[in-house]
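**Q** Take this structure first; my questions come after.
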Amino acid sequence: MKEKIQKLTEQFGEDLSKVTDLTALETLRLDYMGKKGQIAELMKELGKIPVEQKKEAGQMINTFKQDVTSRFESKKEELVRAEEERMINAAEAYDESLPTENPCGSYHPITLVQRELEDIFESMGFDVEDYNEIVDDYHCFEALNIPKFHPARDMQDTYYLSSKNQLLKSHTSAAQNAIMMKYGKALKEKDRPIRAVFPGRCFRNEAIDACHENTFFQMEGIMIDKNISISNLIYFMKTMLSEVFERDVTVRLRPGFFPFVEPGFELDIQCLICGGDGCPSCKNSGWLELCPCGMIHPNVLKYGGINTEEEPDKYTGFAFGLGLTRLAMMKYGVKDIRVFNEGDLNALSQFVSK
Ligand code: DAH
């Protein structure tokens, strides 16, 4: 037992020195301290050794455990500090007043984030769709199970045009019905699942400040097929977010209400700065709210021509709505949302694609 613990101590030191990020550290923690980890193994062996050796062996295991725990904690602190520094540096790298040295123009930061996401979704088999900015009440609300006078409309007050019931779309969900109509035939006749994302400009009647704009961007996504479940939703969101943030992210779902999904969720990712322990960026909760989502409501599938009265549950699907503007703020450390719409070329030409 003594020799084994000595070897494990050396091995742990070696493994720990190779760890460079919080995800790898968590894996290592599980290797040693998890339910089936090395320490649990030692405890199992403890049960088998003769009684007179038990006391000493038990103490050795305890000392080893304390050693592993404290070295693990200091490594974690070190990594969190490095991550914080990286985020702060990234945020400080952006100064909108700096003169630009870019002589040949550049893409808008939202375009950069949008294209990056489009590439990720295309690699997962999603179609990228475009959609109108001027829509009618039916597509923006009614087809999404938000009837006239539903309180959910209050949060989505937008700009109404004087002609023919037209308005500026308040969310990209407004395209869901049209996408279902477009791809429904191939789903039913050729068993081709609907997988589509549709980025777009959205509008709301907002009082403008550093966090609110009347014009912003979202990217909506839907997937519809037979037997689509919440597990599919979690898998796609986790994979996509891990690509966006270039590391493995931990996600969780909380219940959230949106009339067009049932059940509806708020998807959070574990804070990338503190690794879930709580810090000012995540308001000490350990989590960041990122993306509302849910299983598409049966009425919405029916209005989209996907399911019929006879077979109301034949197809199921999930939907999500990513705030592209918010993602761009997080990615580039932009603290004032107004920068995106002001048209100040100096400010906007400083962003580069990765
Ligand atoms: N359209 C909603 C909004 O802008 C966001 C949303 C919530 C989209 C849930 C979804 C979803 O697809 O499933 O507030």
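**Q** Considering each residue of the range 168-214, count those that are within 13 Å of the ligand (Cβ to nearest atom) and without any contact (Cβ under 8 Å) to a residue 12 or more places away in the chain, and give that number.
**A** 1
**Q** List pairs: first residue in the range 36-60 and free of Cβ contacts under 8 Å to residues at least 24 places away in the same chain, second residue open to solvent by 100 Å² or more (accessible area, probe 1.4 Å) and part of a helix (DSSP H, G or I) anywhere in the structure, Cβ distance under 9 angstrom, at least six positions apart or on different chains.
**A** Partner pairs satisfying both residue conditions: E56/K2; G58/M43.
**Q** How do the pairs read when you match residues in the range 282-304 that are under 27 Å from Q270 (Cα atoms) with residues anywhere that are open to solvent by less than 10 Å² (accessible area, probe 1.4 Å) and modelled with pLDDT under 85, using Cβ under 7 Å and keeping only pairs 6 or more apart or on different chains?
**A** C282/C271; C282/C274; G286/C271; G286/C274; W287/C271; L288/C271; L288/C282
So that you can scan it fast, the table gives a plain yes or no per residue for (1) touching a helix residue (DSSP H, G or I) at 6+ places or on another chain (Cβ under 6 Å); (2) open to solvent by 20 Å² or more (accessible area, probe 1.4 Å):
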site: P280; (1), (2): no, yes
site: C291; (1), (2): no, no
site: L301; (1), (2): no, no
site: G305; (1), (2): yes, yes
site: F318; (1), (2): yes, no
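**Q** Going residue by residue through the range 229-236, is there one that turns out to be over 23 Å from P147 (Cα atoms), in a strand (DSSP E or B) and not polar (S, T, N, Q)?
**A** For the range 229-236, residues over 23 Å from P147 (Cα atoms), in a strand (DSSP E or B) and not polar (S, T, N, Q): absent.
**Q** While we're looking at this one, here's another question. Name the pairs whose Cβ atoms lie under 7 Å apart, with the first residue in the range 257-274 and under 30 Å from A174 (Cβ atoms), the second among the hydroxyl-bearing types (S, T, Y) and near the ligand (Cβ under 9 Å from one of its atoms), and 6 or more positions between them or separate chains?
**A** F260/S173
**Q** Report yes if some residue within the range 172-193 is modelled with pLDDT of 95 or more, among the polar types (S, T, N, Q), in contact with a strand residue (DSSP E or B) (Cβ under 8 Å, 6 or more places away or on another chain) and closer than 27 Å to L348 by Cβ; otherwise report no.
**A** Looking through the range 172-193, at least one residue is modelled with pLDDT of 95 or more, among the polar types (S, T, N, Q), in contact with a strand residue (DSSP E or B) (Cβ under 8 Å, 6 or more places away or on another chain) and closer than 27 Å to L348 by Cβ.
**Q** Okay, next question. Report yes if some residue within the range 150-167 is closer than 27 Å to P109 by Cα and away from the ligand (no atom under 15 Å from the Cβ); otherwise report no.
**A** If we filter the range 150-167 for residues that are closer than 27 Å to P109 by Cα, which is where we start, we get 155-159, 167.
With the extra rule that they be away from the ligand (no atom under 15 Å from the Cβ), the set shrinks to 159.
So far as the range 150-167 goes, yes, one or more of its residues are closer than 27 Å to P109 by Cα and away from the ligand (no atom under 15 Å from the Cβ).
**Q** Another question about this same structure. Would you check if T215 is polar (S, T, N, Q), at pLDDT below 95 and surrounded by fewer than 19 Cβ atoms within 10 Å (Cβ to Cβ)? Please lay out each step first, then the result.
**A** Numbers: polar (S, T, N, Q): yes; at pLDDT below 95: no; surrounded by fewer than 19 Cβ atoms within 10 Å (Cβ to Cβ): yes.
No, not satisfied.
For every residue, the table says whether it meets (1) in contact with a Ser or Thr (Cβ under 8 Å, 6 or more places away or on another chain); (2) in contact (Cβ under 8 Å) with a residue 60 or more places away in the chain; (3) within 20 Å of M240 (Cβ to Cβ).
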| residue | (1), (2), (3) |
| --- | --- |
| D313 | no, no, no |
| F318 | no, yes, yes |
| L324 | no, yes, yes |
| M329 | no, no, yes |
| Y332 | no, yes, yes |
| I337 | yes, yes, no |
| E342 | no, no, no |
| N346 | yes, yes, no |
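**Q** Shifting gears a bit: Could you tell me whether I134 is away from the ligand (no atom under 16 Å from the Cβ), β-branched (V, I, T), assigned by TED's automatic domain parsing to the domain that holds V261 and modelled with pLDDT of 95 or more?
**A** Numbers: away from the ligand (no atom under 16 Å from the Cβ): yes; β-branched (V, I, T): yes; assigned by TED's automatic domain parsing to the domain that holds V261: yes; modelled with pLDDT of 95 or more: yes.
Yes; evaluated as a whole, the condition is true for this residue.
**Q** Are there helices (runs of 4 or more DSSP H) fully within the range 1-97 with at least 2 residues that are over 31 Å from the mean Cα position of the chain (by Cα) and loosely packed, with under 12 Cβ neighbours inside 10 Å? List them.
**A** Hits in the range 1-97: 2-18, 38-48, 51-92.
The values are calculated or read from the model by the stated rules, or taken from the named source; none is laboratory data. Given the structure is predicted, the values throughout are model-derived calculations rather than measurements. Please note: Cβ atoms are built from the backbone with ideal geometry, for glycine as well, and neighbour counts cover all protein chains shown. Just so you know, the surface numbers come from the protein's heavy atoms only, side chains and all, with ligands and any DNA or RNA stripped out. Shrake-Rupley method; radii C 1.70, N 1.55, O 1.52, S 1.80 Å.
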